[in-house]
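To keep things clear, I will list the structure first and then write my remarks on it.
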Amino acid sequence: MKNINRIKEDMGLYAEINYGKSIHDCTNQEMYQALAKTIMKDITPKWLETKERYKDKKQAYYLSAEFLMGRALDNNLNNLNNKEEVKEILSELDIDYKDIEDSEKEPGLGNGGLGRLAACFLDSAATLNYPLTGYGIRYEYGIFVQSFTDGFQYEEGDNWLEYGDPWAVRKQSEAVKVKLAEEEILAVPYDTPIIGYGGETINTLRLWQAEAIKPFDFQTFDRQDYLNSMWNKIAAKTISRVLYPNDSNEEGRLLRLKQQYFFVSASLQDLVKKHLSKYNSLDNFHELHAIQLNDTHPAVAVPELMRILTGEHNMDWDRAWNISVNTFAYTNHTILKEALEQWPISFYERLLPDVYRIIEKINHFLLEELREKGIDQDRVRDYEIIGDGHIKMAWLAIYGSHSTNGVARIHSNILKDRELKHWYEIFPERFNNKTNGITQRRWLNQSNPELAEFITELLGTDKWIIDLNMLKKLEKFQDDEDVLNRFLEIKQIKKNQLAEYIEEVEGIKINTNSIYDIQIKRLHEYKRQLLNAFHVLDLYFRLKDNPQLDIVPRTFIFGAKAAPGYGRAKGIIKYINEIKDLINNDEEVNSKIKVVFATNYGVTYGEKLFPAADVSEQISTAGKEASGTGNMKFMLNGAPTLGTLDGANVEIVEQAGEENNFIFGLKVEDIENINNSYNPREYYENVPGLKRVVDTLIDGTFSDNNTGIFGELYDSLLNGVNWERADVYYLMKDFESYRDAQNRVNEVYKDRLAWAKKCWLNIANGGKFSSDRTIKDYVAEIWKI
């Protein structure tokens, strides 16, 4: 980095230019902006050099509706290896680095694992010197800021751009127009640098902001119709206003479709335009572009590229289709049938009539190809992209790409053997697995520097930061009491730090010597936060019945957002908060158990939670979680998995050993063998303690404020609701097995060195779960860059 005096001068200059005052008179937010701009000035030459280095080579492009990036300052300084230098410089200016760091707003560009995976992939590609560009939407308000009112989730706008984004560069000259039916929208790109570890490669995340082509109508304003004079601007900006607008009604769903097409069309136009500026033909487009569709949100890219090639550039269909298929690859992120995206035909006819005609043509050629393959007419219906009044986006993505991958081995096998079996039978060469990963730069080196430094000390090198497989060498310390005790000391430091933060943010004082039992992830029924809540309540009742019950004190920490339109998920949040209030206010038990619901859980909160965890809750119904990445973050920070054999849990257990984790519950094959005679009431009536906790949903123990949501939850478990069978996710069946696993945790934790050994072997065997490995697999087997 440049010399110290230059950094001070640049920060002072940015403060004067932007705020009209000296750096010493600036607020923390203003100091943060000045520091970020100083870093941007310093890295820009390397950013430009990276673009120049790859300009004539095949590159990869990651199209995703979400990029859950987390704060940039600390991550960037860690990857540039100059954080300590900058802290020293700020200290000389009497500026506290932590104050600056905490003033940065977390970008509201994602919601869950899909978006965080995209962020990890960008980090890994830059670190490994692969040319990968991210394409998405620059949401003005992100998903929402979560708070609680009387235990219910309350959503407010996440104004993460309130002070601007010093890391983003607006590229007005590269704006493109996106056509929606009779409406045209301007897509303006904002580029953010993605700094690889060591700073050698700086890739780009390009996010599109929707704007009006004619934002102000002077004639309307002159007629004193002031509001309507700005209508075009308001309507256009709505498209990039909020991540995942509530889609419980038609207007919300139409807006989601607009968002998807908006960023896909802008991205493809951008790539085609740049390609044609260097080549006089699009015949080699697929030889220079590998485009990954992150789930079905960007699947409209398949017909959109065909529209551009055949409609705007007059290419014949067969040639265009060959280019398109060899350009695109598709990542499937879900096993849930209801989550395989479908759109009513009427939506496409209204918003994207030209694209819909292309989809009809794609469907026509698909059916012809199936007949040529000898698929009989009855089976052909299973493949139709257009059917029953809907467009099946997963089918479109599979047929229109050369690769379809799952994100954990068990997930990929389920796709091939069950959910997408008919597609696998005709295109077996297109199916493959890419088990997810996480970047150790953020999730260990940055968020747990104490453990990172200890690992470096033991290995005698910090090369593990770019080669996580080196952690395997830590296995030799598994019986070294000094090492295990040092690990426990570090874990205690992280637990103390989290306790201070929780007391400050949540107002709850927790026992730092308790087991930190943590479940943090998106709120969905299949992830079974409700099963966790039932166990917490059962433990509470057992303590009330027997105050001498021999348990290690336990702190149960939940963190989750429920989609605004997902009523049952919001009911589960309310229920957990009711349990929290009951337990935390009961002086007879609150010294032994406490409950915390982490408000507005996101990346920044996660950076404090993962390193402090003792237990990683990964309790989804077997066969429902595609992979998970939270499970990997917990593992890397030394928390054994308490979970089902689902998603990447299977591979975690293979790597670290089932004896070092706590596995329970039905397996995928068990569930497949359960027939329609499954009766959850059998377990409700006969499993000790289960009826008592389930009945709290309806017996007046807790209040749902007369919304009826608790009664609806009860019915969903025992009676079935809205044509669903009862207990779709087998909470009743798995409860006793889950409680037994929790009891095992309690017993094993009492032997501190035995527990530390389990934790240590999880860390030592976490190498497979680096996103570096995942990206290498994509590069070698799909993108060929």
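Out of the trypsin sites (Lys or Arg not before Pro) in the range 317-399, which ones are loop residues according to DSSP with at most 15 other C-beta atoms within 10 Å?
Sites meeting the loop and neighbour criteria: K373.
If a/c stays under 1.5 just call it rounded; otherwise compare a/b with b/c (prolate if a/b is bigger, oblate if not). Do that for the range 671-719, with a ≥ b ≥ c from the square roots of the Cα gyration tensor eigenvalues.
Here the range 671-719 falls in the oblate category.
Restricting to DSSP loop positions (anything but H, G, I, E, B) with no more than 13 other Cβ atoms inside 10 Å of their own Cβ, which chymotrypsin sites (Phe, Trp or Tyr not before Pro) remain in the range 710-763?
The qualifying sites are W723.
Before I look further, what does the range 521-668 give for accessible area per residue, probe 1.4 Å, in whole square angstrom?
Ligands and nucleic acids excluded, the result is 24 Å² per residue.
In nm, to one decimal, how far is the K337 label point from the K98 one, both placed 7 Å along Cα→Cβ?
Result: 5.3 nm between the two label points.
Report relative contact order for the range 349-465 in percent, whole number only (criteria: Cα-Cα under 8 Å, sequence separation at least 6).
Answer for the range 349-465 is 16 percent.
Placing one identical point scatterer on every Cα of the range 464-603 and ignoring solvent, what is log10 I(q)/I(0) from the Debye formula at q = 0.09, 0.13, 0.15 Å⁻¹?
-0.36, -0.70, -0.87
From the cross-link list K105/K570; K8/K55; K87/K750; K105/K337, which pairs have alpha carbons spaced over 30 Å apart?
K8/K55; K87/K750; K105/K337
Only loop residues by DSSP count here, and only those with at most 12 other Cβ atoms within 10 Å; note down the chymotrypsin sites (Phe, Trp or Tyr not before Pro) in the range 135-236 that meet that.
Filter output for the range 135-236: F216, Y226.
Quick one: the Cα spread of the range 210-311 along its three principal axes, in angstroms, biggest first?
Over the range 210-311, Cα extents along the principal axes are 55, 36, 20 Å.
Among the complete DSSP H segments of the chain, which ones combine at least 30 Å of alpha-carbon extent along their axis with a mean Kyte-Doolittle hydropathy of 1.6 or more?
none
Spelling out what I want: for every residue of the range 339-344, take phi, set θ = phi - 60°, compute 6.51 cos²θ - 1.76 cosθ + 1.60 (Karplus), and round to whole Hz; glycine and proline get x.
Result, ordered by residue: 9, 6, 4, 10, 10, x Hz.
May I ask you to evaluate 6.51 cos²θ - 1.76 cosθ + 1.60, the Karplus curve with θ = phi - 60°, for each residue of the range 465-473 and list the ³J(HN,Hα) values in order in whole Hz, giving x for glycine and proline?
5, 10, 9, 5, 4, 5, 4, 4, 5
Stick to Cα atoms and the Kirkwood definition of Rh, then tell me Rg/Rh for the range 529-600.
1.01
Given axes a ≥ b ≥ c from the Cα gyration tensor, I'd like to know whether the range 698-785 is rounded (a/c under 1.5), prolate (a/b larger than b/c) or oblate.
In terms of gyration-tensor shape, oblate.
Using alpha-carbon positions, what is the distance between the centroids of the range 544-615 and the range 383-460, in Å?
Their Cα centres are 30 Å away from one another.
Could you work out the Rg to Rh ratio of the range 649-732, with Rh taken as the Kirkwood radius (inverse of the mean 1/r over all Cα pairs)?
1.08
What whole-number distance in Å separates the alpha-carbon centres of the range 649-690 and the range 63-136?
38
Of [x] 108, 60, 54; [y] 99, 67, 47; [z] 79, 75, 63, which is the value of Cα extents along the principal axes in Å derived from the coordinates here?
Calculated Cα extents along the principal axes in Å: the matching label is [z].
Pairs K273/K784; K58/K784; K179/K233; K179/K392: which exceed 20 Å Cα-Cα?
K273/K784; K179/K392
Could you tell me how far the Cα centroid of the range 333-366 sits from the Cα centroid of the range 702-739, in Å?
With the range 702-739 and the range 333-366 each reduced to a Cα centre, they are spaced 34 Å.
Name the shape class, rounded, prolate or oblate, that the alpha-carbon gyration tensor gives for the range 262-419, where a ≥ b ≥ c are the square roots of its eigenvalues, rounded holds for a/c under 1.5, and otherwise prolate holds if a/b is larger than b/c and oblate otherwise.
Because a/c hits 1.5 or more and a/b exceeds b/c, the range 262-419 counts as prolate.
Carbon and sulfur together cover what percent of the accessible area of the chain at a 1.4 Å probe radius?
45
Please give every one of the lysines within straight-line cross-link reach of K463, meaning a C-alpha to C-alpha distance under 22 Å, and leave out same-chain neighbours fewer than 8 residues apart.
Counting by Cα, and skipping residues close in sequence, K463 has these lysines nearby: K83, K472, K473, K476, K633, K768, K776.
The values are calculated or read from the model by the stated rules, or taken from the named source; none is laboratory data. The structure presented is a predicted model; accordingly, all values stated were derived computationally and were not measured. Every residue, glycine as well, gets a Cβ built from its backbone with ideal geometry; the counts of neighbours run over all protein chains shown. When the accessible area is computed, the model is the full protein with side chains, heavy atoms only, and any ligands, DNA or RNA have been set aside. Shrake-Rupley method; radii C 1.70, N 1.55, O 1.52, S 1.80 Å.
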